[in-house]
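Before any comments, here is the structure.
The values are calculated or read from the model by the stated rules, or taken from the named source; none is laboratory data. Keep in mind it's a predicted model, so treat the numbers as computed, not measured. With ideal geometry, Cβ positions are generated from the backbone for all residues, glycine too; neighbour counts draw on all protein chains shown.
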Protein chains: 2
Amino acid sequence: MSEIEIVAEQRSFGGVQGFYRHVSETCGGPMRFAVYQPPQAATRACPVLYFLAGLTCTEETATIKAGAQRMAAELGLVLVMPDTSPRDTGIGGATGDWEFGEGAGFYVDATVAPWSARFRMHSYVVDELPALLARQFPVDLARSGICGHSMGGHGALTIALKHPQRYRSVSAFAPIVAPTQVPWGHKALPRYLGDDPAAWAAYDACELVREHSFDGEILIDQGEADKFLAEQLRPELFDQACAESGQALRLRRHAGYDHSYYFIASFIEDHLRHHARALEA
Amino acid sequence: MSEIEIVAEQRSFGGVQGFYRHVSETCGGPMRFAVYQPPQAATRACPVLYFLAGLTCTEETATIKAGAQRMAAELGLVLVMPDTSPRDTGIGGATGDWEFGEGAGFYVDATVAPWSARFRMHSYVVDELPALLARQFPVDLARSGICGHSMGGHGALTIALKHPQRYRSVSAFAPIVAPTQVPWGHKALPRYLGDDPAAWAAYDACELVREHSFDGEILIDQGEADKFLAEQLRPELFDQACAESGQALRLRRHAGYDHSYYFIASFIEDHLRHHARALEA
């Protein structure tokens, strides 16, 4: 039996949009993810762009709503959309709250029981999933980029800053940049990571960018009509942290745009081109 | 009070993606629809493209999945996505069957009770909705085109053929072209229209094209991996009817593509350009 189960594969922009399931060692159970293979993947290994989704989302959300396949087909990028957490964990308290647990893995490796047995999205995205992709898909992992939205923007930024050798490019839409300073982080991080603020700081982009740097400009798009902007997202904190540490950042603010995938779809082409420039080099 | 209720309005590709509700006289109750206003609509009346969705769909389906806003913004087209039927009709048998009733209005004016009181999607799309748009949105109805998918492709073709003076362009994805000859039509048309086959023929594109003509080429895209192709869609029947009656038709068959919005999204740009050529003229 193959190590991945094909849930569905459908033709899209001359390539293949697939949904897959496999048993994850890292997350201790089944995980789902989506992969778009552009037409170029039929004949050669292609660079990879991960897209990490936000709270409440699944591997389907960006796949259906972001409209990324068109440019991925044009640029020859494989798109990888993981689910945002393990599912059907059976852990008490893992469902019923959209800001914590299933659908809200925050791309951390939980260290507190019972979450530590299953909620290990950081290692899953950084290690296990790429290794699986390398065995099952025509990917050139030496050319990988990472992008995300909201909680997934936090994931993309923290992962890229912690593992700059693994990714050539990083970008985010409306990311959580300072979880140690905002309600979403205050709620989730102690439950996943315990009471030591140092453990939270290891997953805070504003903290990480003071110690680490990313070789290349970070691209962030933010809508100014985003209802989470002032309380949860606070891009000015990352702007300031990057300025102080010398990290190149291009932060674009867009009047009238909200937190939705209508915003993401409007600018996804710019992000794919940003990544393609780094990945094709 | 305004005659339309704004459900939501969100910035998209420099324009506005809106969802609206109003009380329809034609359909005897509340109806929902979506309108995308491109950036150009801020300063002038723009041409309109209707997109009619298929079985089980709502005004949200193509809005979210087709990826049409990008080209609509570039070409300056207003997109109008109606719901596929009235909802919450309370009519016995109107729910629970995806091929008939709510979500399956087939773009006919029902003549058989109890359906005739509410299921009048043909007149709703042709008359009431355009009149409402003209009062509430910056549209130039003299420049209207119509497109649809599956049951909505049937709607687009039959409406355009019955009212060629109202539309300058028509196209369809995987349309039902001969409902009088396929199971979907055999199931729905008698319940909406009664037992006289002549009444069904008035909503059959293959029949209509023998008596009517459309000034301009009809564009149809069809996926060859569409599971409904052989039994329900049968585009060869329309191809033959157009050939026999001298109607210009461009029927494109695409290997590997199925019936889904991944197929639609892959070719939506071609359809919007097809309409824009006719509407900007």
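Looking at the range A:14-54, which of the residues that are assigned to a loop (DSSP other than H, G, I, E, B) and either surrounded by 22 or more Cβ atoms within 10 Å (Cβ to Cβ) or of a type in the set (S, T, N, Q) (or both) is farthest from the other protein chains (Cβ to nearest Cβ)? Reasoning before the result, please.
Narrowing the range A:14-54 to residues assigned to a loop (DSSP other than H, G, I, E, B): A:14, A:25-28, A:38, A:43-45, A:53-54.
Restricting the remaining residues to those that are either surrounded by 22 or more Cβ atoms within 10 Å (Cβ to Cβ) or of a type in the set (S, T, N, Q) (or both) gives A:26-27, A:38, A:43, A:53-54.
Working: A:T26: 30, A:C27: 28, A:P38: 12, A:T43: 16, A:A53: 15, A:G54: 16 Å.
Taking the candidates together, the pick is A:T26.
Buried (at least 18 other Cβ atoms within 10 Å of the Cβ), within 13 Å of another protein chain (Cβ to nearest Cβ), part of a helix (DSSP H, G or I) and touching a residue at least 24 places away in the same chain (Cβ under 8 Å), is that true of A:A241?
Working: buried (at least 18 other Cβ atoms within 10 Å of the Cβ): yes; within 13 Å of another protein chain (Cβ to nearest Cβ): no; part of a helix (DSSP H, G or I): yes; touching a residue at least 24 places away in the same chain (Cβ under 8 Å): yes.
No; evaluated as a whole, the condition is false for this residue.
If the requirement is being more than 14 Å from chain B (Cβ to nearest Cβ) and out of contact with any helix residue (DSSP H, G or I) (no Cβ under 9 Å at 6 or more places or on another chain), which of these qualifies: A:E207, A:E236?
Details: A:E207 fails: out of contact with any helix residue (DSSP H, G or I) (no Cβ under 9 Å at 6 or more places or on another chain).
Step by step, each of A:E207, A:E236 is checked, and only A:E236 is more than 14 Å from chain B (Cβ to nearest Cβ) and out of contact with any helix residue (DSSP H, G or I) (no Cβ under 9 Å at 6 or more places or on another chain).
Please go through the range A:98-121 and give me each residue that is part of a loop (DSSP other than H, G, I, E, B) and either in contact (Cβ under 8 Å) with a residue 60 or more places away in the chain or farther than 14 Å from A:C57 by Cβ (or both), ordered by number. Show your work before the answer.
Taking the range A:98-121 and keeping what is part of a loop (DSSP other than H, G, I, E, B), we get A:98-100, A:102-103, A:105-108, A:110-114, A:118-119.
Correct list: A:E99, A:F100, A:F106, A:Y107, A:V108, A:A110, A:T111, A:V112, A:A113, A:P114, A:R118, A:F119.
Could you identify the single residue in B:T95, B:T26 that is farther than 25 Å from A:S266 by Cβ and within 19 Å of the chain's Cα centre (by Cα)? Full working, then the answer.
Working: B:T95 fails: within 19 Å of the chain's Cα centre (by Cα).
Result: B:T26 is the single residue among B:T95, B:T26 that is farther than 25 Å from A:S266 by Cβ and within 19 Å of the chain's Cα centre (by Cα).
Among the numbered conditions (1) farther than 17 Å from A:A131 by Cβ; (2) within 14 Å of chain B (Cβ to nearest Cβ); (3) buried (at least 20 other Cβ atoms within 10 Å of the Cβ), tell me where A:E74 comes up short.
(3)
Testing B:G67 on (1) in contact with a helix residue (DSSP H, G or I) (Cβ under 8 Å, 6 or more places away or on another chain); (2) closer than 18 Å to B:P175 by Cα; (3) part of a loop (DSSP other than H, G, I, E, B), one condition comes back false. Which one is that?
Answer for B:G67: the failing condition is (2).
Whether any residue in the range B:165-178 is part of a helix (DSSP H, G or I) and in contact with a Ser or Thr (Cβ under 9 Å, 6 or more places away or on another chain) is what I want to check. Please lay out each step first, then the result.
Of the residues in the range B:165-178, the ones part of a helix (DSSP H, G or I) are none.
Within the range B:165-178 (the criterion being part of a helix (DSSP H, G or I) and in contact with a Ser or Thr (Cβ under 9 Å, 6 or more places away or on another chain)), the answer is no, since none of the residues qualifies.
Identify the single condition in (1) more than 26 Å from A:K65 (Cα to Cα); (2) without any contact (Cβ under 8 Å) to a residue 60 or more places away in the chain that A:Q222 does not satisfy, given that it satisfies every other one.
So A:Q222 meets the others, but not (1).
Out of the residues in the range A:244-265 that are within 14 Å of chain B (Cβ to nearest Cβ) and part of a loop (DSSP other than H, G, I, E, B), state the one that is surrounded by the most Cβ atoms within 10 Å (Cβ to Cβ).
Result: A:Y257.
Kindly indicate whether B:Q10 is without any contact (Cβ under 8 Å) to a residue 24 or more places away in the chain, of a type outside the set (D, E, K, R) and within 19 Å of A:S260 (Cα to Cα).
yes
Provide a single number: the residues in the range B:129-176 that are among the charged types (D, E, K, R), closer than 17 Å to B:A278 by Cα and touching a residue at least 60 places away in the same chain (Cβ under 8 Å). Lay out the reasoning, then the answer.
Narrowing the range B:129-176 to residues among the charged types (D, E, K, R): B:135, B:140, B:143, B:162, B:166, B:168.
Filter once more, so that each one left must be closer than 17 Å to B:A278 by Cα: B:140, B:143, B:166, B:168.
From the residues that got through so far, the ones that are touching a residue at least 60 places away in the same chain (Cβ under 8 Å) too are B:140, B:143, B:168.
Going through the range B:129-176 one residue at a time, the tally reaches 3.
Looking at the range B:191-207 only, could you name the residues that are surrounded by fewer than 18 Cβ atoms within 10 Å (Cβ to Cβ), of a type in the set (D, E, K, R) and under 17 Å from B:V177 (Cβ atoms)?
Matches in the range B:191-207: none.
For B:P190, indicate whether it is touching a His at 6+ places or on another chain (Cβ under 7 Å) and modelled with pLDDT of 95 or more. If you could, list the steps in order and put the result at the bottom.
Working: touching a His at 6+ places or on another chain (Cβ under 7 Å): no; modelled with pLDDT of 95 or more: yes.
Answer is no for this residue.
Within the range B:217-227, is even one residue under 23 Å from B:H163 (Cβ atoms) and within 14 Å of another protein chain (Cβ to nearest Cβ)? Don't jump to the end; show me each part of the working.
Start the filter on the range B:217-227 by keeping residues that are under 23 Å from B:H163 (Cβ atoms), which leaves B:217-221.
Add one more test, that the residue is within 14 Å of another protein chain (Cβ to nearest Cβ), and what stays is B:221.
Yes.
Just need a number here: residues in the range A:217-238 that are touching a strand residue (DSSP E or B) at 6+ places or on another chain (Cβ under 6 Å) and outside any helix (DSSP H, G or I). Steps first, answer last, please.
As a first pass, look at the range A:217-238 and keep what is touching a strand residue (DSSP E or B) at 6+ places or on another chain (Cβ under 6 Å): A:217-224, A:235.
Still in the running and outside any helix (DSSP H, G or I): A:217-224.
Here the count works out to 8.
For the range A:79-86, indicate whether the set of residues that are under 18 Å from the mean Cα position of the chain (by Cα), surrounded by 16 or more Cβ atoms within 10 Å (Cβ to Cβ) and in a helix (DSSP H, G or I) is non-empty.
First, pick out the residues of the range A:79-86 that are under 18 Å from the mean Cα position of the chain (by Cα): A:79-86.
Remaining after also requiring surrounded by 16 or more Cβ atoms within 10 Å (Cβ to Cβ): A:79-86.
Add one more test, that the residue is in a helix (DSSP H, G or I), and what stays is none.
No: zero hits.
Out of curiosity, is A:A134 under 25 Å from A:E3 (Cβ atoms), among the hydrophobic types (A, V, I, L, M, F, W, C) and outside any loop (DSSP other than H, G, I, E, B)? Break it down stepwise before answering.
Values: under 25 Å from A:E3 (Cβ atoms): yes; among the hydrophobic types (A, V, I, L, M, F, W, C): yes; outside any loop (DSSP other than H, G, I, E, B): yes.
For A:A134, the condition - under 25 Å from A:E3 (Cβ atoms), among the hydrophobic types (A, V, I, L, M, F, W, C) and outside any loop (DSSP other than H, G, I, E, B) - is met.
Among the numbered conditions (1) closer than 20 Å to B:E269 by Cα; (2) in contact with an Asp or Glu (Cβ under 9 Å, 6 or more places away or on another chain); (3) not small (G, A, S), tell me where B:K187 comes up short.
(1)
Please work out if B:E128 is part of a helix (DSSP H, G or I) and in contact with a strand residue (DSSP E or B) (Cβ under 7 Å, 6 or more places away or on another chain).
Numbers: part of a helix (DSSP H, G or I): yes; in contact with a strand residue (DSSP E or B) (Cβ under 7 Å, 6 or more places away or on another chain): yes.
The answer is yes for B:E128.
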